[in-house]
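Please read the structure below before turning to the comments.
No value in this document is a laboratory result; all are computed from the given coordinates. Worth saying up front: this structure is predicted, and the values here are computed from it rather than measured. Don't worry about glycine lacking a Cβ; one is built from the backbone with ideal geometry, like all the others, and counts go over all protein chains shown.
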């Protein structure tokens, strides 16, 4: 994919828990290994992280429990104070920003959704979604209009006056998403937002998330421990182990070219068809681009998702971009070949 300029940049970011962590890191000139930290009685929750998140991309950070992914995302918004490094948001170093400045940035430019919905139980859906705008001091008429727009966007227009206890888990999470979007954030953090949901509802929320992103084109940092979820949603994935990032790449790069034995083991049971997208397998559209009657698939769809569309008489599908324009043709033979190989 062609990258836009980075919206968020991390340079040599560390978060070490324990006494005199900063002094220790300075003494080793920022070159401590995990063993060095253990011998010093310290815990390296985030170790020397370098990454860039580009405008409009879904950047997924994943790893097993305890890998440091949630600590890292909290460092990015300074909900957790990093021990060292630089975090640049629109070129501004957040680690040099005052607390008042950080509050302003979080209120106006960042949206956050966490695993636990954290809805206010005594407020209706509408009141929950307007709450961050009320904190900003937005006029009541304007904040309610914006909140209704977000509620409609997540498909809950008929639930505006319901209380959280009257909603299902999936509906509550939609309210959380609408609330975070109400501030119209430039950067959207989602920390395992669907992991508490049942598998079927989780799949529906992933579909909803993909739909919302196609409309809003937000810059997103998404945390998950579920590799299937990561390869379905991500433009790029960063895999963490023991606080460090061990590989960054597209889902296809991670699955087809693992950089370390750990990544290879992590992805061992993932079939290629689940990771490879239609855009990577398609052929030039040539004269087929005008075949409007031919069924189409999004360029982001995985080969596994497209396979069921090849019925007995279907030999090819149009591949379309987010605007519905034909960008290529997907042939049955290419899909079968990939699935047989992986």
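Quick notes on this one:
- Radius of gyration and maximum dimension Dmax of segment 1-131, Cα, Å: 17.0, 53
- Against the rule of thumb 2.2 N^0.38 Å, how large the Cα Rg of segment 275-341 comes out: 0.99
- Volume of the Cα convex hull of segment 149-242, divided per residue and given in Å³: 114
- Under the Debye formula (equal points on every Cα, no solvent term), log10 I(q)/I(0) of segment 162-298 at q = 0.13, 0.22 Å⁻¹: -0.72, -1.37
- Projected label distance in nm at residue 101 and residue 65, using a 7 Å step from Cα toward the beta-carbon: 3.9
- Relative contact order, percent, segment 275-341 [alpha-carbon distance under 8 Å, six or more residues apart]: 39
- Fraction of alpha-carbon pairs over 12 Å apart in segment 59-113 - percent: 69
- Among 29, 115, 172, the largest mean-square fluctuation in a Gaussian network model of the chain (Cα springs under 10 Å) belongs to 29.
- When the inverse distances between all different Cα atoms of the chain are averaged and flipped, the Kirkwood radius reads 21.8 angstrom.
- Entry note, the chain: relative contact order of 18 percent, from Cα contacts under 8 Å with a spacing of 6+ residues.
- Cβ crowding within 10 Å averaged over residues, with 98-106, 144-152 ranked highest first: 144-152, 98-106
- Length available on full extension from residue 262 to residue 12: 0.36 nm per residue minus the Cα-Cα distance, which gives 87.8 nm.
- Relative packing of peptides 221-234, 241-254 - highest average C-beta neighbours within 10 Å first: 221-234, 241-254
- Choice from 122, 54, 108 with maximal GNM fluctuation in the chain (Cα, 10 Å cutoff): 122
- Fluctuation leader among 298, 132, 308 - the chain, Gaussian network, Cα springs under 10 angstrom: 308
- Packing-based order for 311-317, 125-131, using average beta carbon neighbours within 10 Å, highest first: 125-131, 311-317
- For the pair residue 36 and residue 286 in one chain, pulling the backbone fully straight at 0.36 nm per residue adds 84.2 nm over the alpha carbon distance.
- Only helices enter the 222 nm calculation for the chain: every DSSP H run of n ≥ 4 contributes -39,500 (n - 2.57), and dividing by all residues gives -10500 deg cm²/dmol, rounded to 500.
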